[in-house]
Structure formats: structure tokens, C-alpha cells
1. Could you list all residues from region A:98-134 that are assigned to a strand (DSSP E or B) and either under 30 Å from residue A:28 (Cα atoms) or assigned by TED's automatic domain parsing to the domain that holds residue A:36 (or both)?
2. Name the single residue that is farthest from the chain's Cα centre (by Cα) among those in region A:420-443 being more than 9 Å from chain B (Cβ to nearest Cβ), in a loop (DSSP other than H, G, I, E, B) and under 20 Å from residue B:79 (Cα atoms).
3. So for region B:4-22 (the condition being modelled with pLDDT under 95, more than 13 Å from chain A (Cβ to nearest Cβ) and more than 17 Å from residue A:419 (Cβ to Cβ)), does at least one residue qualify?
4. When you scan region A:1-37, how many residues do you find that are in contact (Cβ under 8 Å) with a residue 24 or more places away in the chain and within 14 Å of another protein chain (Cβ to nearest Cβ)?
5. Which residues, counting only those in region A:40-69, are assigned to a helix (DSSP H, G or I) and either within 14 Å of chain B (Cβ to nearest Cβ) or modelled with pLDDT of 95 or more (or both)?
6. Give region B:33-78 a look and list any residue that's part of a loop (DSSP other than H, G, I, E, B) and either of a type in the set (A, V, I, L, M, F, W, C) or within 14 Å of chain A (Cβ to nearest Cβ) (or both), or say none.
7. Across region A:72-97, what is the total count of residues that are free of Cβ contacts under 8 Å to residues at least 60 places away in the same chain, surrounded by fewer than 20 Cβ atoms within 10 Å (Cβ to Cβ) and in a loop (DSSP other than H, G, I, E, B)?
8. Can we say residue A:492 is of a type in the set (Gly, Ala, Ser) and farther than 29 Å from residue A:118 by Cα?
Amino acid sequence: MYNYTEFDTAFLAERNAQFRAQVERRIAGHLTEDEFKPLRLMNGVYLQLHAYMLRVAIPYGTLNGAQMRQLALLAETWDKGYGHFTTRQNIQYNWPKLRDIPDMLDALGEVGLHAIQTSGNTIRNVTADHFAGAAQDELADPRPVAELIRQWSTDHPEFQFLGRKFKIAITGAEQDRAVTRAHDIGLRMVERDGEIGFEVLVGGGLGRTPLIGKAIRDFLPKADLLPYLEAVLSVYNLLGRRDNKYKARIKIMVHEHGIDDIRDRVEERFAAIRPSFSGIDQQLLAQIEPQFAAPDFLATDLAAYDATYKRDPLFRAWADTNLTAHRRDDHAIVTISLKAHGETPGDASAAQMRIMADLAERYAYNELRISHEQNVILPHVPRGYLPEIHAQLRKAGLATANVGLISDIIACPGMDYCALATARSIPIAQEIATRFDDLKLEHEIGELKIKISGCINACGHHHVGHIGILGLDRAGVENYQITLGGDGTETAAIGERAGPGFSADEIIPAIERLVLAYLDLREDKSETFLQTYRRTGLAPFKAALYPEAKAHAA
Amino acid sequence: MPRAFTPKVVTASDLLEGDVIYLTESDDWTRELSQAELITDEAHAQLRLLLAEQQPDIVVGPYLADMANGPDGPEPVHFREAFRRKGPSNYAHGKQELASNV
């Protein structure tokens, strides 16, 4: 992974010193809140419902053991002993005190982490496929390019005051695990005539106006990436709307002007600025690339794995759901579920973080990833070590065998923490997980992605959930709307609204009716919820959700 | 006809702690809603809000929140204020940690 240069370390130290001084000036009364707010947001500090919140960037979701351990230290020293992993592969601390935040940032700096541009109208933390470098279906590891984008976008003078926030995601694999089609810019590595380049998607996004990104370039040579990104951003910076916050994202600009018009403007700008890129960016990339080289893979004895798999049903269930094929047969990708039934999706205690750091260091080449689905990944694990890893995860409450299943729910913090939320998300996720665990139906149901947002801003990605749940405030009462058929992968689709919303008491039974209807409707066990929905359409699911309406019609 | 004024309290976040605070009759800030001043007059409400806004070194984002007059002082009428009073529902953190508030 990327190691900070002297320049990076000095830059970060200076930036943290600046913020420390800004906090002091705020406390001393020399800065008003209006003056301080944009400064704190640029450094990841929000003021939420019950406390400040610090959002720490985990660039493209990649961490080593020492960094994970430092995240644990922050949780214990300055928070309440836990952290919340988010859908942008970041971690949020929910209870810091204003005076402590500069110390937290310095502690992060010690391990090459920061909170820069995790908020504000800037280019946010670049997200990437959480299986990068390990997946079987990968053309190339997207992380060196993601790191290049991070360095280019950090403190980029032209893009510190964009009309709105700007999110970039990148994948080097066939299967899209990075939701690239729901980003301001999505980058997919593709191959043409033996050369690797990018398909560039633009104008995707969720929020109050969900849109799927459109291809602006089918093939962009690798060396053209930064000037091309700069051209897109610069067209957006000038042409994007600033009159209305809700119409300020690039997706609205693309929607209003049309992709062809935007493409022409971007190409014109690109032609103008391309010559000013002398190739230094490519030299930099060449220095970054070796730092993401694959580890020296160990050959381990697979006998222990095979024997445990045959003997231990708990291990077998976990292996069947939480392992993904690695590009090497004698290795596996381990997804550690942060979705224990009844717990808060994405939360990990300091003790759990340390255990994951230990496991990474001892058995998995010191690599960890955070997925946008709020789980933790050990990307390279020799299969021979899996029984021992599983045993240790079990002791730490981290061995829940539910990845990709109904209880592997994405949920935003909702009104339990967030100042913008209109309803709670966490308790709904907890109740759904507990209910289907009680019914013992989870494995029978198979692949099903439920995603819950506590407001229209859609941090919980509800539009791309197979079942999406959106919490709203309807006349002073929490109300939950259901969308169906959403998909965040390479076959991306925005979910369709099923009908009127449900109260907090009605939503769990409604989800149960929906899922039981699926079990009746599917042709066989191999047909997933999403496939069944695509085959039958909304009608039979709607009938299950609203039985009274059906009775009235009959 | 203008809408009748509904009772309110002045609430904000504490600058240093970031937690929820309420304005009392004696011009202090309290962390317990039951100790807050319930304001029943619109003109008085504006004056109390002004007082809060003049304390940027203590509070952030003061506003008037609707409340009902309960047996133990002001009571939230909207669930958002109920959560601000109580803390999150997934852990007994925030104000729930103070035994006097449970």
C-alpha cells in the first residue's frame, strides 16, 4: 500500500497545525460559527444531533494493521469505544469533543491517515472495489490510480469551492462492486488492443434525484486520466448550477444539457489543457504502482481447511457465505461481517478493530479493506489459515455468516445520530435482521440486498437496494417507503417505488410479506430476489405489500 | 388569522461538547429539558432566541423548538426533539448515560 513521502507527512502536519489554530480561534471567539463551519467541514468535522462527528478518510478503503489499530486507539481515547464504517469506506466517530479533535487528527497523521475532504463541496474520498488486487475477475488493480487521484484532488486549488460535493469511484473488475454508475464520475478499467484505459461514466448519483451515470468516453488512455478528470470538473465548476443546492450536482447538469453537449464541452476543455500535463503525473503513478504490488503469496497446507470444512457446520456456513474466490486457488478473500443480528450495521468496537488488525498482520499480509457495504475485508488469505481465523473471529463476535444475505443490510446512521435525518434507520435494520434470524429463513432466501436511508439524501443507497427503505417524516411520525428492484452493480437500476409508506410498526411485517411472496414466486432456489422481480415486475410484490388494496379491488 | 403561538424552548448545541442544551429562565444553559424555560409568548420567544444568538462562544445553532407543557416541564411534541433529549436508540449513550435523565 501507499507509504507517505516526506512531502505528504509535512503537508499533513502543516494542515493539522492550521486546523488546531482554527479550533483555538473558534473557542476564543475570534471566529464565528459561520466562519468556522466551512473550515471544520474541510477537515471532516460535523456537528450532529447529540455531538460532533469526525469522519476519517480511508482512501479507497485500504488499511494496514497499524492503521486499524490506531482507529481503535481513537475510539477508546476520544470516543465511546467504537467507530462506524460508512458507505464511502470511511469511519465515523460519533462522540468527539471539539478540543480533542486536533489531537485525534495528529494521531491519525502518525499512521498516514487524515480527514481532509471527507466533507464540504470538494472532491471526496475516492472509493474503489473492496476486492481490488485480489478478485478473480480483475483486469488491473485500480488503487494506484485511486491514489494518484487522491493526491491530485487533495487541496487542488481549482476545486475547493465546487457547486456541490463530488464523488469518484473506480473499479478494475468486470463485476462492479464499487457502484460506479451511481457516482459523479465512475471509472471502469477496460482493455482495448492490449492497452488498459478507462470507460468514463458521468452524472450518476442517488439522493433526491437518483440517476444512473452515462458513458462520456468509452475508452480513455491511462495517461489522459488526470487532464480528462480536470476537464470534466472544470466544465462542471463553471456550468453546474449554483442557484439551487438541490440542482447543483453534476448529474443535474448532465441531465439538463444532455450528455452529447457535455461531452463536446469536456473534449474542448481537454484539448486545451492536455498539453499542460507534461507527464509528471505519469512519473508519479510509476512511483505509486510498485507500492501496490501483490504480496509474496505463501503456499499453505490445505488439509486443515478441508478437514474443518467437512467436520464443522459453523465453519462451513461461514465459508460458504463469507468467502469469495481469490485470483489464486490456494487463497481466499474473507469478508468479516459487521452485521451481527441485532447489532448496528457497520459498527466495530475498539477490541474488534484490534482483533482484525492482529488477524491481518498474522495471517493476511497485513492488508485490510473496508467495503461500501460496511464490512471489513481480508483480501488475501492463504486457505490453510481460514479455520484459525474463523475461530478467532467467533470469539470476537465477528463470525456472522450472512454476507450478501438479508441481514447484511446497509444502513445510514439515521436520526439516531444525523442532524439531516428525517427518521431512524438503525433500529429498522436491527429488527429486520433479528426477525429473519428468528424465522431461520436467511439462507433459504439467498442473495438479497436491503439498503436503508434515514432521509432523501440516500447515504444508505436505498435506490440501489433490491429492497430499498427510505425513512421520512410524515406529519410528525416516522414513515418508511419501499422501493424494489434497485441494483448497484454493472446492471445498475434505480428501484421502483412500491406504493404508500409504512409506519415503524408496520415496516417489518411488510418486509416479511414481501420476502415470503418472493419465496412463493421464484421458479427455483437459484432464482434470486432481483431476478424474480425482473421476471415478474412489481405487481405480485405490490399485492403482497398491500393485501387490503387487493381485497378492495376484488 | 395568524396561527396561534405554540409553546417553545430555546435549544442549541454546546460549542465544546457538541451536546444538546436548553436555555433556562435564569439565562443559564441546562442539559435537562425539564429545567428549560417553556416560552408561551411569541415576542418573548424572539427576545430569548436573540439572547442565545449573542452567545456564540457558548452555543452553536440556537433555535426555537416546539414543546408541550408536561407535568415535569417541557415535553417534546416531535420525535426529533425526543431523540435529542434522550440520545441514540442503539446504545445507551448521550444523555441516557446520566442517571438523572433516565
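The values are calculated or read from the model by the stated rules, or taken from the named source; none is laboratory data. Given the structure is predicted, the values throughout are model-derived calculations rather than measurements. Glycine also receives a Cβ, built like all others from the backbone with ideal geometry; neighbour counts cover every protein chain displayed.
1. A:114
2. Among residues in region A:420-443 that are more than 9 Å from chain B (Cβ to nearest Cβ), in a loop (DSSP other than H, G, I, E, B) and under 20 Å from residue B:79 (Cα atoms), the one farthest from the chain's Cα centre (by Cα) is A:420.
3. Yes: one or more hits.
4. 3
5. A:40, A:41, A:59, A:60, A:61, A:65, A:66, A:67, A:68, A:69
6. Residues satisfying the conditions are B:36, B:38, B:54, B:55, B:56, B:57, B:58, B:77, B:78.
7. Of the residues in region A:72-97, 2 are free of Cβ contacts under 8 Å to residues at least 60 places away in the same chain, surrounded by fewer than 20 Cβ atoms within 10 Å (Cβ to Cβ) and in a loop (DSSP other than H, G, I, E, B).
8. No.
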